Every structure is written in structure tokens, then in C-alpha cells.
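Asker: One structure is given below, represented as C-alpha cells, and several questions about it will come after.
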């Protein structure tokens with residue numbers, strides 16, 4: 001006889017659930033409200049899975065529609081707190097497309113530098129819980145990246161640094177040197193980290209498989225899509241920021257298995273790519289020296305009539321922003337394409353067939369942030 005369970009994820013024990021699904025300590029998905037309704041067969045294998053989302057719904061898009069461009073940028077990094085700076089850039093790019101603004105070269109390289117740093121810190125957040133004996137070392141590296149971000153932007157979680165037309169400030173030589181130092185230490189631990197993650201996640205081989213066709217049908221991108229053989233990366237395939245000039249050091253890491261172990265392997269193997277991109281950006285920012293970092297705008301900016309769209313390949317996948325202007329200072333319509341929402345859609349397809357004792361680890365192999373789902 002089939003068994004139905006309503007599971008609360010991680011620390012969400014206060015939810016009206018039959019049981020709490022224990023995620024690994026400090027896992028990014030562990031604290032928000034997320035319920036997973038599963039049906040188990042007689043062998044305690046998942047027969048069906050239905051994520052019940054919406055408990056954190058914030059109406060972010062409606063909030064954007066009642067704010068001008070300055071106020072909008074203050075909201076841009078709130079829904080995906082692991083991809084905060086990248087989310088700011090997505091919104092800024094959409095406004096710049098609508099207004100026909102081209103940011104200064106120096107601002108573009110600074111944005112690219114911080115976007116890749118954001119990609120590394122997000123990846124390390126998901127890798128630390130499965131790093132085995134290296135967990136403390138990985139968490140320390142992530143803290144150091146965050147320290148440099150705070151030095152540059154003033155914010156550890158919500159940097160508030162991107163602006164329509166550029167960035168809020170410059171990057172000092174000492175901050176660039178701090179990035180180089182932590183990148184060197186990341187390189188030194190890379191091979192040991194890959195081995196440790198492979199050992200911890202070995203039981204996920206063949207578990208929670210998402211095929212390439214399913215990834216395409218569900219709109220799944222980022223690490224999850226590339227682990228399923230979908231070799232899509234907008235940094236290469238539709239370059240934005242300074243990525244068009246970084247093609248020589250840009251690699252797209254993929255796998256074909258589409259299982260939990262493959263997702264973690266891609267997450268680890270993309271770290272050196274981001275490190276190389278950061279090194280190139282750091283050198284260019286230093287070479288450019290002083291110069292403009294934004295485009296001065298009047299206090300009141302009205303969005304022209306029409307539709308504009310911008311997208312990036314963020315830390316968790318493709319993130320997009322659709323703006324519809326009506327000649328007013330507020331967007332008439334704003335729609336966010338969130339990477340985590342598409343990833344969440346993959347769970348009902350991937351989880352059936354997963355043994356119950358591996359269900360928590362299988363869910364954790366899908367990098368996502370609940371605020372990005374319930375934006």
C-alpha cells in the first residue's frame with residue numbers, strides 16, 4: 001500500500017507536516033518554508049513528489065511596479081540572497097536596454113568581476129555541506145570572498161552596488177589583491193575539494209536523474225541543466241557585460257548523467273572557470289585605472305513606451321527581467337524569470353524512483369533559493 005507524506009524541509013519544523021526532511025547542516029535550502037508532498041511505494045521508494053511552494057510569496061514584481069528606477073535597484077537583490085549582486089545586474093541591464101544606456105567600460109568590467117565572485121560564493125554555499133572534512137575550510141573561503149565584497153560594496157548579503165548605468169563605486173587595488181589571494185587559496189584546495197565532494201555524493205550516482213530533454217522542456221538551466229547535458233551558458237552563447245571579450249578563458253562545464261552526483265561535480269568543476277574569469281577582470285580593472293563608473297541620470301527617469309528584456313546566466317541559472325514601459329517613472333509591468341522556480345519544477349520529474357533514505361540528499365543536489373522561487 002502506498003504511503004503519503006507531507007514533509008517540511010530542513011528547519012521548517014513549525015510547518016504542519018507529517019515529518020521534517022533533514023537537510024545537511026547549514027545547507028542554503030534548510031531554513032525557508034518549503035513543503036514536499038511525496039508518495040512512497042511498498043519498498044519506501046518515491047513514487048511521486050509534489051513541491052508545495054508559495055509560503056514565502058513576497059509579490060516582488062508588484063513592488064517593483066510601484067517604484068522608480070532608484071527604488072527598484074534597492075529591491076533587486078532581495079529575492080535570491082545567494083545571487084544578490086547578479087540579480088541587481090539583471091534589473092539594471094533591463095532598465096539600460098529600455099533607456100538605451102551604455103555603461104562605461106570600467107563599470108562593465110567591475111560588474112563582471114563581482115558577478116563571478118558572486119558565482120563562486122553561491123557555489124561554495126552548496127558545496128560546503130558535502131565537502132566532508134573540508135567543510136570548515138570551504139566555509140572559511142566563502143567568508144573571505146564575502147569579506148572582500150563587503151569591503152567593496154559595504155554589504156555582505158545585500159550589496160546594493162549595481163546602478164542603472166554602472167556601479168556605485170570603484171574597486172581599490174587592495175581589494176583586487178585580496179581577491180587574488182583568496183583565488184590562490186581556492187586553487188590550492190580545488191583538487192582536494194573535488195575528491196571530497198565526489199566521495200560524499202557517490203551514493204547519488206543514478207539518483208534523481210533529470211534528462212536533457214526534460215531539462216529543456218522544464219526550462220531548467222545553470223548547473224542542473226548543464227549536468228543533464230544541456231550545454232547552455234549565456235556568458236558564451238549570448239554574451240553580456242564583458243564576457244564577449246573573455247571567450248578565450250570561458251569554458252562551459254557539462255555532464256551527461258543528470259543525477260545528483262553529476263550536479264555536484266559540475267558545481268565543483270565550474271569554480272576554476274570563474275577563478276580564471278575573475279583573474280582576467282581584475283587585471284583589466286587595474287589597467288583601466290581611474291575613470292567614469294556610471295552614467296549620470298536625472299532624478300526622474302521615465303521608461304519609454306515599449307518592452308525590454310535582459311537576461312544573464314546567474315549563479316543558479318538563467319535569470320531574466322522583462323520591463324514594460326508606458327512613459328511613466330514606474331514600470332507598467334515587470335516580470336522576473338527566476339532560475340530557482342524552473343529548478344523547482346524539475347523535482348516532480350526527477351525525484352520518483354529515489355529511495356526515501358536518499359531523498360534529502362537528492363533534494364539538496366538541486367541548487368535553488370526559496371526566495372527566488374516564491375519571489
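The values are calculated or read from the model by the stated rules, or taken from the named source; none is laboratory data. Since the structure is predicted, the reported quantities are computational estimates derived from the model, not experimental observations. Neighbour counts run over all protein chains shown; Cβ positions are idealised from the backbone, glycine included.
Asker: Does segment 333-343 contain at least one residue that is over 14 Å from the mean Cα position of the chain (by Cα) and at positive phi?
Answerer: No, the conditions are met nowhere in segment 333-343.
Asker: Report those helices (runs of 4 or more DSSP H) wholly inside segment 276-375 carrying at least 2 residues which are under 20 Å from residue 75 (Cα atoms) and touching a helix residue (DSSP H, G or I) at 6+ places or on another chain (Cβ under 9 Å). Lay out the reasoning, then the answer.
Answerer: Values: elements: 339-345, 347-350, 359-364, 370-373.
Result: 339-345, 370-373.
Asker: Please identify the pairs in which a residue from segment 34-47 that is at positive phi has its Cβ atom under 7 Å from the Cβ atom of a residue that is surrounded by fewer than 19 Cβ atoms within 10 Å (Cβ to Cβ) and at pLDDT 90 or above, counting only partners at least 6 apart or on another chain.
Answerer: From residues that are at positive phi, the pairs are 44/355; 44/356.
Asker: Right, another one. How many residues does segment 195-213 hold that are in contact (Cβ under 8 Å) with a residue 60 or more places away in the chain, assigned to a helix (DSSP H, G or I) and either surrounded by fewer than 17 Cβ atoms within 10 Å (Cβ to Cβ) or on the phi > 0 side of the Ramachandran plot (or both)?
Answerer: Counting residues in segment 195-213 that are in contact (Cβ under 8 Å) with a residue 60 or more places away in the chain, assigned to a helix (DSSP H, G or I) and either surrounded by fewer than 17 Cβ atoms within 10 Å (Cβ to Cβ) or on the phi > 0 side of the Ramachandran plot (or both) gives 3.
Asker: If residue 114 satisfies all but one of (1) without any contact (Cβ under 8 Å) to a residue 60 or more places away in the chain; (2) more than 19 Å from residue 272 (Cα to Cα); (3) surrounded by 24 or more Cβ atoms within 10 Å (Cβ to Cβ), what's the number of the condition it fails?
Answerer: It fails just one condition, (2).
Asker: May I ask you to list the residues in segment 226-266 that are under 14 Å from residue 314 (Cβ atoms), buried (at least 20 other Cβ atoms within 10 Å of the Cβ) and out of contact with any strand residue (DSSP E or B) (no Cβ under 7 Å at 6 or more places or on another chain)?
Answerer: If the condition is that a residue be under 14 Å from residue 314 (Cβ atoms), buried (at least 20 other Cβ atoms within 10 Å of the Cβ) and out of contact with any strand residue (DSSP E or B) (no Cβ under 7 Å at 6 or more places or on another chain), then 226, 241, 243 are the ones that fit.
Asker: Within segment 17-68, can you find the residues that are in a strand (DSSP E or B) and over 19 Å from residue 346 (Cβ atoms)?
Answerer: 19, 20, 40
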